[in-house]
Ligand SMILES: NC(=O)c1ccc[n+]([C@@H]2O[C@H](COP(=O)([O-])OP(=O)(O)OC[C@H]3O[C@@H](n4cnc5c(N)ncnc54)[C@H](O)[C@@H]3O)[C@@H](O)[C@H]2O)c1
């Protein structure tokens, strides 16, 4: 750990020597970039060895190729986070091959199909949404914490759970009102606080990065697919809810915030919900 914070020549947000698992480190196919992939790339640029985990192995492999092409270190694991055994295998594999886990980002989320007039859906789709958006997060937080507490330092590891402003408001339209998505994110916020409280004595930190409208694959494609918006309508609708003049954020803003939470510079922060939403939930 590099704690020479007072030094003028300190390299900021240095993740060298850290093994960081990004669950959801591939991305949906489509133009642009996903948040998980951007976090993988930026963490590697800051020196981390990155484990990109995804149900879609070719997508995770593509992230790894992007990192290794620019001289970084990464490898991919295929896992379906709706299965507890897969979640356990992610961390067993990382411990067996790398010997430690210093960071974990849970960036997976899905919007199951639903009837947009009535918000009705099948029980199977509802269950799958909750299993992926919430239960997988719980398992990954638990198994990551169990690895991190073995590191044997004052600050043993950092977990970043990627949530959404859908968990704190339902008035902003677009895809944030879909129940297993919003409910899953509410659960994820709670999992952050629970894990942070339980593992603070072990030196493990856990924070929520709560995203607002970000120009990412899920932000574009799900809004178009589920609500029938054109790309221009997606842009306009998101622009309306963001208070900052810039409109939507990019995946790089998410990635820089995640890197800060993974780095030693944030070592006194745990159990927090950080809103990265351009003021979309600013109340007055
Ligand atoms: N883009 C936005 O506007 C926005 C807003 C709020 C929150 N977020 C959050 O950001 C995070 C990432 O979004 P993104 O745009 O990068 O999405 P993305 O769809 O590009 O990435 C999600 C990844 O999760 C993977 N995945 C899906 N189901 C899985 C499963 N069962 N097991 C393992 N992997 C699985 C997908 O294959 C995909 O690679 C999500 O948690 C999302 O809720 C995004």
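Here is how the numbers come out for the structure above:
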item	result
FRET efficiency estimate (nearest 0.05) - Cβ-Cβ, residue 246 to residue 197, R0 45 angstrom	0.80
Tail beyond 22 Å, pair distance distribution of the range 183-284 (Cα, percent)	41
Angle between the chain longest axis and helix 35-45 axis [Cα atoms, degrees, rounded to 10]	20
Prolate/oblate/rounded call for the range 120-270, Cα gyration tensor, a/c under 1.5 rounded	oblate
Ratio Rg/Rh, restricted to the range 157-238 and using Cα atoms, in which Rh is the Kirkwood radius	1.09
Rg/Rg_globular for the range 1-107, with Rg_globular taken as 2.2 N^0.38 Å and Rg from C-alpha atoms	1.09
Reduced Cα scattering model of the chain, Debye log10 I(q)/I(0), q = 0.10, 0.16 Å⁻¹	-0.48, -1.27
Segments 5-15, 215-225 sorted - mean Cβ within 10 Å per residue, highest first	215-225, 5-15
Computed lengthening from residue 122 to residue 283, 0.36 nm per intervening residue step minus Cα-Cα distance	54.5 nm
Highest-first arrangement of 46-55, 113-122, where packing means the average Cβ count within 10 Å	46-55, 113-122
Cα→Cβ-extended label distance, 7 Å offset, between residue 84 and residue 8, nm	5.6
Order of 186, 140, 147, 40 - criterion: other Cβ atoms within 10 Å of each residue's Cβ, fewest first	186, 147, 140, 40
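Read-outs: derived from the displayed coordinates by stated rules, not from any lab. Here the structure is a predicted model, which means the values were calculated and not measured. Neighbour counts run over all protein chains shown; Cβ positions are idealised from the backbone, glycine included.
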